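Every read-out reported here was derived from the displayed coordinates using simple, explicitly stated rules and does not represent laboratory data. These figures come from a predicted structure and were not determined experimentally. Heads up, the Cβs are rebuilt from the backbone with ideal geometry, glycines too, and the neighbour counts pull from every protein chain shown.
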Amino acid sequence: MNNFVLDSFALLRFIQKEPGNEPVKTILDDARSGKACAMLNIINMGEIIYTVQRRFGLQFKLDVVMNISRLGIVVLPVPNDLVFRAAELKARFAMSYAGAFAVASSIEHKATLVTGDQEFRQAEHLVNILWI
């Protein structure tokens with residue numbers, strides 16, 4: 001089974017039907033049918049929540065939150081060891097703290113990171129990245 005970690009960039013592209021959403025749609029379809037595992041770190045989910053609320057309002061945010069599990073996405077918790085790994089990545093690379101959690105989750109779950117955010121170029125040697 002293929003494992004994927006979606007960062008907020010990827011899921012927001014899907015939610016907003018922006019360019020690059022098709023690979024995310026395919027991954028989510030595969031996750032619902034059991035052909036793949038689509039994961040989202042809870043820190044990155046927080047990014048999605050505040051971004052959607054700012055752009056589209058409270059009701060749309062609630063709809064998105066309610067539909068995350070229906071999309072077949074596994075929301076990953078943040079245990080202490082993941083916090084330490086993300087902090088180490090943030091210290092070493094010029095990426096957002098939330099981005100460091102996406103990379104750390106990808107490493108932990110041996111998953112392909114799905115993103116279009118160029119800040120992850122510097123992490124290509126650490127994880128496999130599906131660029132959208």
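Looking only at the stretch 69-91, residues that are surrounded by fewer than 18 Cβ atoms within 10 Å (Cβ to Cβ), β-branched (V, I, T) and in contact (Cβ under 8 Å) with a residue 12 or more places away in the chain come to 3 in all. Among the residues of the stretch 81-113, those that are of a type in the set (S, T, N, Q) and either over 16 Å from N3 (Cβ atoms) or out of contact with any helix residue (DSSP H, G or I) (no Cβ under 8 Å at 6 or more places or on another chain) (or both) comprise S96, S106. For the residues A98, A94, the requirement of being of a type in the set (A, V, I, L, M, F, W, C) and buried (at least 16 other Cβ atoms within 10 Å of the Cβ) singles out A98. For A36, are the conditions met, namely being in contact with a Leu (Cβ under 9 Å, 6 or more places away or on another chain), over 18 Å from N128 (Cα atoms), surrounded by 14 or more Cβ atoms within 10 Å (Cβ to Cβ) and touching a residue at least 12 places away in the same chain (Cβ under 8 Å)? Considered against the rule, which asks whether it is in contact with a Leu (Cβ under 9 Å, 6 or more places away or on another chain), over 18 Å from N128 (Cα atoms), surrounded by 14 or more Cβ atoms within 10 Å (Cβ to Cβ) and touching a residue at least 12 places away in the same chain (Cβ under 8 Å), A36 comes out as no.
If you go through the stretch 112-132 and pick out every residue that is farther than 19 Å from L12 by Cβ and in contact with a strand residue (DSSP E or B) (Cβ under 6 Å, 6 or more places away or on another chain), you end up with 2. Selection of the stretch 4-18 for residues being closer than 21 Å to V83 by Cβ and part of a strand (DSSP E or B) yields V5, L6.
Inspect the stretch 48-65 for any residue being in contact with a strand residue (DSSP E or B) (Cβ under 7 Å, 6 or more places away or on another chain) and either within 25 Å of Y97 (Cα to Cα) or not polar (S, T, N, Q) (or both) and give the result as yes or no. Checking the stretch 48-65: not a single residue is in contact with a strand residue (DSSP E or B) (Cβ under 7 Å, 6 or more places away or on another chain) and either within 25 Å of Y97 (Cα to Cα) or not polar (S, T, N, Q) (or both).
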